[in-house]
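First up is the structure itself, then whatever we jot down about it.
The values are calculated or read from the model by the stated rules, or taken from the named source; none is laboratory data. Remember, it's a predicted structure, so these values are computed and weren't measured experimentally. Cβ atoms come from the backbone with ideal geometry, glycine included; neighbour counts cover every protein chain shown. Surface areas here come from the heavy atoms of the whole protein model, side chains and all, with no ligands, DNA or RNA. Shrake-Rupley method; radii C 1.70, N 1.55, O 1.52, S 1.80 Å.
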Amino acid sequence: MLNFNFQNPTKINFGEGQISVISKEIPLDARVLLVYGGGSIKGNGVYQQVIDALSEHTFFEFSGIEPNPTYDTLMKAQEIIKAENIDYLLAVGGGSVVDGAKFIAAAALYEGNSEGNDPWDILAKQQAVTKALPIGAVLTLPATGSESNGNSVVTRDGNKLPFSSPLVRPLFAVLDPTVTLSLSDRQISNGVVDAFIHTIEQYLTYSVNGKVQDRFSEGLLQTLIEEGPKALAPATKENLEVRANIMWSATMALNGLIGAGVPQDWSTHMIGHELTGAFGIDHARTLSIVLPAVMKVRKEQKREKLLQYATRVWQITEGDENTRIDQAIRLTEEFFETMQVPTRLSDVDLGSKDIDLLIERLAQHGMTTLGEHSDITLDISREILTQAL
Ligand code: NZQ
Ligand code: ZN
């Protein structure tokens, strides 16, 4: 196992009715900015529960954070933060709203350096975040793990870039599975697939004998394979136990625990971000296209872990090594198909003519040494995208 430091201070409040706890989680003297997205929270009763819980607090609102939040939208929040002396952010929504709140929190206190003070540098130049407003989160879409990690992804002019800082990790998060009942099938699928691939990217590398991390990861993958399709099937989709298991899996998949002390390979995500930035494809749907191709192109480098994945996650015990690996990859694709997400670039009407632009963007964003061995060069990314056609 590799050396690691692990600390996850986000307090999780899990279960039905937990939104009311925000009245106690946020200090009474805070000046709160409630940030949310396009209005789904008004249709499903979440907004009202939040407003009720904040009845003793001083709060203001900022809405309109879009999926794949943009720099331009997020910077608009700075006006109200200054005008109203906001000192606490409450994000209510999916990963985009929570990510957006993180950038707002860091931008509000960003001092810059001798070269300037544009908060975009936090993403474009990976300028360190040294201060941020405190954040609380009410999660409405289980997928990203953003509610208890320090990551955020922001888009500007088609450039979708990540940043990370422990200072933007939410202090608390509310996870009430009942609020996920209003999700569309598309968003349920996206969430399950995103969480599945977060787990894979911290698991499918090479073995360092991290038995705890491996078995936690395998447990999460199996849970998502079991419960994901139930959340789409008419007979079981309203089942709160299904929703609860998916919600907790998605948080556990990217709260730092399974990735501590093991190698990681975020190539699927980095290539996927370019697909979203250039063509607007939903985050999870870029991943379901790229991952099977990564598994095929990196079969030799990942051989040992692919075999372990085949045996422990898919219970494949028959056949020679190559047959078992190929079957595991096929079953992964079938799982994505069951979850109704694309597995090929052609499924989203993209073809070989589009690959040059994606490679150009990867180069522009410095994504030239991806993977657990930093050996996924631009040529190999091209091979992966070609495999995904
Ligand atoms: O904007 P509203 O009206 O709220 O509607 C949203 C949005 O249209 C809707 N929605 C959310 N909860 C709902 C609901 N609709 C009905 N009922 C509910 N309970 O769903 C739509 C999509 O929301 P979004 O927040 O964009 O989805 P998701 O949670 O999948 O977040 C995706 C973003 O997170 C980033 C992605 O790149 C993308 O920008 N990621 C963040 C990560 C992190 N912070 O660690 C890691 C991930 O890999 C990912 O990159
Ligand atoms: Zn993701």
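Starting from segment 154-165, keep only residues that are under 15 Å from PRO119 (Cβ atoms) and open to solvent by less than 20 Å² (accessible area, probe 1.4 Å), then list their pairs with residues that are more than 13 Å from ligand 1 (Cβ to nearest atom) and outside any strand (DSSP E or B) whose Cβ atoms are within a distance under 6 Å, requiring at least 6 positions of separation or different chains.
As it stands, the answer is PHE163/ILE122; SER165/VAL129, since those pairs meet every condition given.
Restricting to segment 279-295, what's the tally of residues that are buried (at least 17 other Cβ atoms within 10 Å of the Cβ) and either assigned to a loop (DSSP other than H, G, I, E, B) or away from ligand 1 (no atom under 14 Å from the Cβ) (or both)?
Residues flagged as buried (at least 17 other Cβ atoms within 10 Å of the Cβ) and either assigned to a loop (DSSP other than H, G, I, E, B) or away from ligand 1 (no atom under 14 Å from the Cβ) (or both) within segment 279-295 amount to 7.
Going by the structure shown, is ALA53 in the same structural domain as ARG156 (by TED's automatic domain parsing) and within 30 Å of ASN159 (Cβ to Cβ)?
no
Does GLU66 qualify as being in a loop (DSSP other than H, G, I, E, B), modelled with pLDDT under 95 and on the phi < 0 side of the Ramachandran plot?
no
Considering only segment 311-318, I want to know if a residue exists there that is assigned by TED's automatic domain parsing to the domain that holds GLU218, under 27 Å from SER96 (Cβ atoms) and assigned to a helix (DSSP H, G or I). Reasoning before the result, please.
Pass one, segment 311-318, residues assigned by TED's automatic domain parsing to the domain that holds GLU218: 311-318.
Then drop every residue that is not under 27 Å from SER96 (Cβ atoms), which leaves none.
No, because not a single residue in segment 311-318 is assigned by TED's automatic domain parsing to the domain that holds GLU218, under 27 Å from SER96 (Cβ atoms) and assigned to a helix (DSSP H, G or I).
Looking at this structure, is LEU357 open to solvent by 50 Å² or more (accessible area, probe 1.4 Å), closer than 20 Å to LEU287 by Cα and not assigned by TED's automatic domain parsing to the domain that holds GLN126?
Against the criterion (open to solvent by 50 Å² or more (accessible area, probe 1.4 Å), closer than 20 Å to LEU287 by Cα and not assigned by TED's automatic domain parsing to the domain that holds GLN126), LEU357 qualifies.
Could you tell me whether segment 108-131 includes any residue that is closer than 28 Å to PHE6 by Cα, under 15 Å from the mean Cα position of the chain (by Cα) and small (Gly, Ala, Ser)?
Within segment 108-131, none of the residues are closer than 28 Å to PHE6 by Cα, under 15 Å from the mean Cα position of the chain (by Cα) and small (Gly, Ala, Ser).
I need the full set of residues from segment 339-354 which are hydroxyl-bearing (Ser, Thr, Tyr) and either open to solvent by 70 Å² or more (accessible area, probe 1.4 Å) or outside the structural domain of ASP282 (by TED's automatic domain parsing) (or both), in order please.
Of everything in segment 339-354, just one residue is hydroxyl-bearing (Ser, Thr, Tyr) and either open to solvent by 70 Å² or more (accessible area, probe 1.4 Å) or outside the structural domain of ASP282 (by TED's automatic domain parsing) (or both), namely SER352.
If I filter segment 1-52 down to residues being of a type in the set (D, E, K, R) and part of a helix (DSSP H, G or I), which single residue comes out as surrounded by the most Cβ atoms within 10 Å (Cβ to Cβ)?
Filtering first and then ranking leaves GLU25.
Restricting to segment 121-135, count the residues that are open to solvent by 30 Å² or more (accessible area, probe 1.4 Å) and in contact with a helix residue (DSSP H, G or I) (Cβ under 9 Å, 6 or more places away or on another chain).
Applying the first criterion (open to solvent by 30 Å² or more (accessible area, probe 1.4 Å)) to segment 121-135 yields 124-128, 130-131, 134.
Keeping just the survivors that are in contact with a helix residue (DSSP H, G or I) (Cβ under 9 Å, 6 or more places away or on another chain) gives 127-128, 130-131, 134.
Residues in segment 121-135 being open to solvent by 30 Å² or more (accessible area, probe 1.4 Å) and in contact with a helix residue (DSSP H, G or I) (Cβ under 9 Å, 6 or more places away or on another chain): 5 in total.
Please find, among GLU79, GLU66, GLU61, GLU84, the residue that is touching a Leu at 6+ places or on another chain (Cβ under 6 Å) and assigned by TED's automatic domain parsing to the domain that holds SER146.
GLU61
Kindly evaluate THR140 against the criterion of being outside the structural domain of ILE246 (by TED's automatic domain parsing) and under 28 Å from ALA278 (Cβ atoms).
For THR140, the condition - outside the structural domain of ILE246 (by TED's automatic domain parsing) and under 28 Å from ALA278 (Cβ atoms) - is met.
Let me spell it out: the conditions are (1) part of a helix (DSSP H, G or I); (2) open to solvent by less than 20 Å² (accessible area, probe 1.4 Å); (3) within 15 Å of THR386 (Cα to Cα), and PHE336 meets all of them except one. Which number is the exception?
For PHE336, the exception is condition (3).
Which residues, taken from segment 149-184, are within 16 Å of ligand 2 (Cβ to nearest atom) and not aromatic (Phe, Trp, Tyr)?
Passing the criteria: ASN149, GLY150, ASN151, SER152, VAL153, VAL154, THR155, LYS160, LEU161, PRO162, SER164.
Can you tell me which residues in segment 140-165 are assigned to a helix (DSSP H, G or I) and among the acidic types (Asp, Glu)?
GLU147, the sole residue that qualifies.
Go through segment 166-205 and give me each residue that's open to solvent by less than 10 Å² (accessible area, probe 1.4 Å), assigned to a loop (DSSP other than H, G, I, E, B) and either within 11 Å of ligand 1 (Cβ to nearest atom) or at positive phi (or both).
Within segment 166-205, PRO170, ASP176 meet the criteria.
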